[in-house]
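One structure is given here, and the rest of the page talks about it.
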Amino acid sequence: MEYRYLEYETLRRFCRDSFLARGFSEDEAETICDVLLTADRFGIESHGVQRLRLYHDSIDKGLIRPQN
């Protein structure tokens, strides 16, 4: 498996923008990304940014519904 390293701010912005695009408020998107990036920084990758796709798929299927 190949790892790609990104600047923290680049990854945070990408994460935030992806949740904004799916209907979350600015505050919600910031909170979600903070939790995901914090998990990665603490070495808990199973609950970090790798979950982005799972969350997006769940949003697309209607299992998670932004309330905006």
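When you check Arg51 against the structure, is it in a helix (DSSP H, G or I) and either crowded, with 16+ Cβ neighbours inside 10 Å or touching an Asp or Glu at 6+ places or on another chain (Cβ under 6 Å) (or both), yes or no? Answer is yes for this residue. Restricting attention to segment 25-48, which residues are open to solvent by 30 Å² or more (accessible area, probe 1.4 Å), in a loop (DSSP other than H, G, I, E, B) and either basic (Lys, Arg) or closer than 23 Å to Glu7 by Cβ (or both)? Phe42, Gly43, Ile44 - these are the residues of segment 25-48 that are open to solvent by 30 Å² or more (accessible area, probe 1.4 Å), in a loop (DSSP other than H, G, I, E, B) and either basic (Lys, Arg) or closer than 23 Å to Glu7 by Cβ (or both). Among the residues of segment 32-62, those that are farther than 14 Å from Arg16 by Cα and among the charged types (D, E, K, R) comprise Asp40, Arg41, Glu45, Asp57, Asp60, Lys61.
The C-beta contact set for segment 45-65 (first residue closer than 15 Å to Phe24 by Cα and modelled with pLDDT of 90 or more, second residue part of a helix (DSSP H, G or I) and open to solvent by 100 Å² or more (accessible area, probe 1.4 Å), distance under 9 angstrom, 6+ apart or interchain) comprises Leu52/Phe14.
The values are calculated or read from the model by the stated rules, or taken from the named source; none is laboratory data. Computed from a predicted model, the values in this text were never measured in an experiment. Cβ sites come from the backbone with ideal geometry, for glycine too, and all protein chains shown count toward neighbours. Side chains are part of the model used for accessible areas, which takes the heavy atoms of the whole protein and leaves out ligands, DNA and RNA. Shrake-Rupley method; radii C 1.70, N 1.55, O 1.52, S 1.80 Å.
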